[in-house]
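Single-structure report; data block below.
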Amino acid sequence: MEETTVNQVGADVAVQLMLMMLFACVSRLAEDSDAVQTEVRDRLLEITEAVSLPSVSDDLEPEEIRRAARMVISNVFVGVSAIQFPKHPV
C-alpha cells in the first residue's frame, strides 16, 4: 500500500476515533445518553441527505458519497456505545 494511502486511512481512522470520544463525552453529560446519541445520529443522517455536495470527481456519484458518509456516521455511533469511562468517586 502506498504511503499516502496509509496516511489517509490512518487520518480517517483517527478522526473517527476522536468523534467517538467526543460524542461519548457529550452524551455522558446528558441524563439519557442513549437518547442523545440517537438524536445526534439521526440528525446527522438527515443532514447527510439534505446537504449539497461539492463536485469532488467525475468518477464519484453524490449518492456514493452520501452512502459512505452514512456508513461512517453509523460506525462512529456504534463505537460511542462501546466506550467505557471509569467511575470516579464523588
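The values are calculated or read from the model by the stated rules, or taken from the named source; none is laboratory data. As the structure is a prediction and not an experimental result, all values here were calculated from the model. Cβ: placed from backbone, ideal geometry, glycine included. Neighbour counts: every protein chain shown. Remember, those area values only see protein heavy atoms, side chains included, never the ligands or the DNA or RNA. Shrake-Rupley method; radii C 1.70, N 1.55, O 1.52, S 1.80 Å.
Numbers at a glance
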quantity	calculated
Per-bin percent of Cα-Cα distances, the chain [10 Å]	14, 37, 32, 13, 3, 0
Computed [θ] at 222 nm, helices only, for the chain once each DSSP H run of length n ≥ 4 contributes -39500 (n - 2.57)	-25500 deg cm²/dmol
Accessible area expressed per residue, the chain, with surrounding protein chains retained (probe 1.4 Å, Å²)	78 Å²
Neighbour net charge for residue 27 - beta-carbon separation under 15 angstrom, K R +1, D E -1	-2
The chain: relative contact order in percent, alpha carbon pairs under 8 Å with at least 6 residues between	42 percent
In sequence order, calculated HN-Hα J values of region 57-73 (Karplus, 6.51, -1.76, 1.60; Hz; x Gly/Pro)	7, 5, 7, 9, 8, x, 5, 5, 5, 4, 4, 5, 5, 4, 5, 5, 4
Residues of region 27-52 with amide N under 20 Å of a point placed 7 Å along Cα→Cβ from residue 85	27-41
